[in-house]
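Derivation of every value follows stated rules applied to the coordinates shown; laboratory data play no part. All values reported here derive from a predicted model rather than from experimental measurement. Here the Cβ is made from the backbone with ideal geometry for all residues, glycine too, and neighbour counts use every protein chain on show.
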Amino acid sequence: MSKIDVKELFLPKKYIKNKAISYDSPKDCNYWDSSRISTAINFQYSVYQWADEIIKTEKFVHIADVGCGMAYKLNKLYQWNNNLMPSGFDQPNAIALCKEHYSYGEWIGVNLDDSPKAPDKKFELVISSDVIEHLENPDNLLDYIKDIVSPYGFILISTPERDLLRGRGCMQSPNKAHVQEWNQDEFSQFLKAKGFRIIEKRILQAIRPSFSFSYIRRQLKRILKFRTMRYSQTYLLKKI
């Protein structure tokens, strides 16, 4: 797998990428512990609320979640919408757990760092929420999405907005699980260069608000740094 230069990702020349981490080896079989599941439940919740708006407005039935994890939020969409036929895509260890927990839908194991072959089935809405920042070669994800979205379908993709999350001037993510992070200008340029048309962009709440101690503590830390909890840059796209 060739290393992707930051210029190809529309990142600053001084930006330093982290090494990609895989969580699908036997030693990582306990990756989806209770703490990580709780985190997955609360992060990007607002992205799926937007997806719910789209599904209801367009009356979509066939949707895909690329990088679904334990699919808690995809399951929410299933609960909120009658007749929804969801499909989840992720590394095989996560997909094995999805198959154990859900009696509906299609669950497909993929490794997006290995240019996987896409299924023939097409989807009206493809969601990929906070996945692209984890990949050494983000083109693989974008190409995969293009392959599975229907000609009239929509794509909903999100990733942390670097300047809002870290502050201006951050040239390497302190989160080692994030290979790279973009600001809005960079990510917009990247998406357009890869053959997508931006229909709408929103900056959403990154974590589902609650009265939990962990949420309040996180919020206070950000307030003390004069930063917002709204740092999830989310794009509604169509492929060109």
Would you say residue 207 is hydrophobic (A, V, I, L, M, F, W, C) and more than 30 Å from residue 37 (Cβ to Cβ)?
no
Can you tell me which residues in the range 88-108 are over 20 Å from residue 48 (Cβ atoms) and out of contact with any strand residue (DSSP E or B) (no Cβ under 7 Å at 6 or more places or on another chain)?
93, 96, 100, 103
Return the total of residues in the range 180-218 being without any contact (Cβ under 8 Å) to a residue 12 or more places away in the chain and either among the small types (Gly, Ala, Ser) or surrounded by 18 or more Cβ atoms within 10 Å (Cβ to Cβ) (or both).
2
In the range 45-74, anything closer than 22 Å to residue 99 by Cα, touching a residue at least 60 places away in the same chain (Cβ under 8 Å) and not in a strand (DSSP E or B) is listed as 45, 48, 61, 67
Of all helices (runs of 4 or more DSSP H) fully inside the range 122-240, the set with 1 or more residues that are touching a Ser or Thr at 6+ places or on another chain (Cβ under 9 Å) and under 25 Å from residue 19 (Cα atoms) is 138-148, 162-166, 184-193
Residue by residue through the range 56-65, note down the ones that are of a type in the set (Val, Ile, Thr) and either in contact with a helix residue (DSSP H, G or I) (Cβ under 6 Å, 6 or more places away or on another chain) or surrounded by fewer than 23 Cβ atoms within 10 Å (Cβ to Cβ) (or both).
57, 61
Test residue 118 against the stated conditions and say whether it is among the small types (Gly, Ala, Ser), out of contact with any Leu (no Cβ under 8 Å at 6 or more places or on another chain) and crowded, with 20+ Cβ neighbours inside 10 Å.
no
Flagged pairs (Cβ under 9 angstrom, 6 or more apart or on separate chains; first in the range 117-133, closer than 18 Å to residue 207 by Cβ; second acidic (Asp, Glu)) are 127/65; 129/65; 131/90; 133/181
